[in-house]
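Derivation of every value follows stated rules applied to the coordinates shown; laboratory data play no part. This one's a predicted model, so the numbers in the text were calculated from it and none came from an experiment. Here Cβ is always computed from backbone atoms with ideal geometry, including for glycine, and neighbour counts include all displayed protein chains.
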C-alpha cells in the first residue's frame with residue numbers, strides 16, 4: 001500500500017497507530033500536528049486514507065477534514081470518545097467512512113481500513129463508469145444531431161445517413177463523434 005495520514009494528538013496512540021498501519025502495509029505515515037498542516041500534508045502527500053482523532057473543542061478540524069474529502073475523496077476514519085460519536089456523525093456524515101470508538105482495537109482498525117479502502121475503490125470505479133456513460137451520451141447526442149443534418153440536407157433516410165457516416169468515419173479513420181462534430185461545424189460554416 002501507499003501512504004496514510006494520521007492526525008492524532010495522543011503520542012502513545014499515534015505511535016501505536018503508526019505501528020499498526022505499518023503492519024497493515026502502509027509504507028509512509030504522515031503525522032501533521034495542526035488541522036492546517038493536516039490539509040496541506042494531505043494535498044502534498046496524496047495519502048490513500050486518513051485517520052483523524054476527533055475533538056469537539058477543535059473548531060478548525062471539521063472544515064479541514066471536509067476540504068480533504070472534497071479535494072481528494074479519500075476514506076476518512078474518525079477516532080472518537082464514545083460520548084462524541086453522535087457529534088462526529090452530525091458533522092461528518094457525508095465525509096467520514098468509519099467512526100471508531102477509543103480505545104482503538106487492532107482488529108477494528110484493520111477491518112475499518114480494509115472496508116474503507118474497498119468502498120473508496122468502488123466509488124472510484126463508479127465515478128469512472130458515470131464519466132464513461134456521460135461521454136457516451138454526449139457522443140450519441142452529437143451523432144444524432146449530425147445524422148439529422150445529413151437527412152435534412154441530403155434528403156437521406158435515417159439508416160442511409162447513419163451508414164454514410166459510418167463509411168466516412170472508417171475511410172478517414174476517425175470516430176463517429178469526430179465525424180459528427182466535423183459535419184456540424186461544416187454545416188455551421190456553410191450555412
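Report Rg (one decimal) and Dmax (nearest whole number) for the stretch 87-182, counting Cα atoms only, units Å.
In Å, with Rg to one decimal and Dmax whole: 24.8, 75.
Convex hull volume of the Cα atoms in the stretch 3-104, per residue, in Å³? Please list the in-between numbers first.
Values: hull volume 8.7 nm³, N = 102.
Convex hull of Cα atoms, per residue: 85 Å³.
Got a sec? How would 55, 39 order by Cβ neighbour count within 10 Å, fewest to most?
55, 39
What would the Debye formula give as log10 I(q)/I(0) at q = 0.16 Å⁻¹ for the alpha-carbon point model of the stretch 44-84, no solvent?
-0.42
Kindly express, to the nearest 10 degrees and within the range 0 to 90, the angle between helix 106-154's C-alpha long axis and the longest C-alpha principal axis of the chain.
10
Based on the alpha carbons, how large is the Rg to Rh ratio for the chain when Rh follows Kirkwood?
1.29
Using the alpha-carbon atoms, what tilt in degrees (0 to 90, nearest 10) does helix 35-45 show relative to the longest principal axis of the chain?
For helix 35-45, the angle is close to 50 degrees.
Need the C-alpha centroid separation for the stretch 26-80 versus the stretch 133-191, integer Å.
What the calculation gives is 48 Å, centre to centre.
Which three extents, in angstrom, do the Cα atoms of the stretch 130-190 have along their principal axes, listed largest first?
Principal-axis extents of the stretch 130-190 (Cα, largest first): 36, 23, 22 Å.
For the pair residue 125 and residue 67, what calculated FRET efficiency results from E = 1/(1 + (r/R0)^6), where r is the Cβ-Cβ distance and R0 = 22 Å, to the nearest 0.05?
That pair, residue 67 with residue 125, gives E of 0.35.
How long is the stretch 26-68 along each principal axis, judged by its Cα atoms, biggest number first, in Å?
That gives 32, 16, 15 Å along the principal axes, largest extent first.
Which distance in nm do the two modelled labels at residue 55 and residue 115 give, with both placed 7 Å along the Cα-to-Cβ direction?
About 2.8 nm, to one decimal.
Rounded to the nearest 10 degrees, what's the angle between the helix 11-23 long axis and the longest principal axis of the chain, both from Cα atoms, 0 to 90?
Roughly 50 degrees between the two axes.
How high is the relative contact order of the chain, in percent, counting Cα pairs under 8 Å that sit 6 or more residues apart?
Relative contact order comes out at 14 percent.
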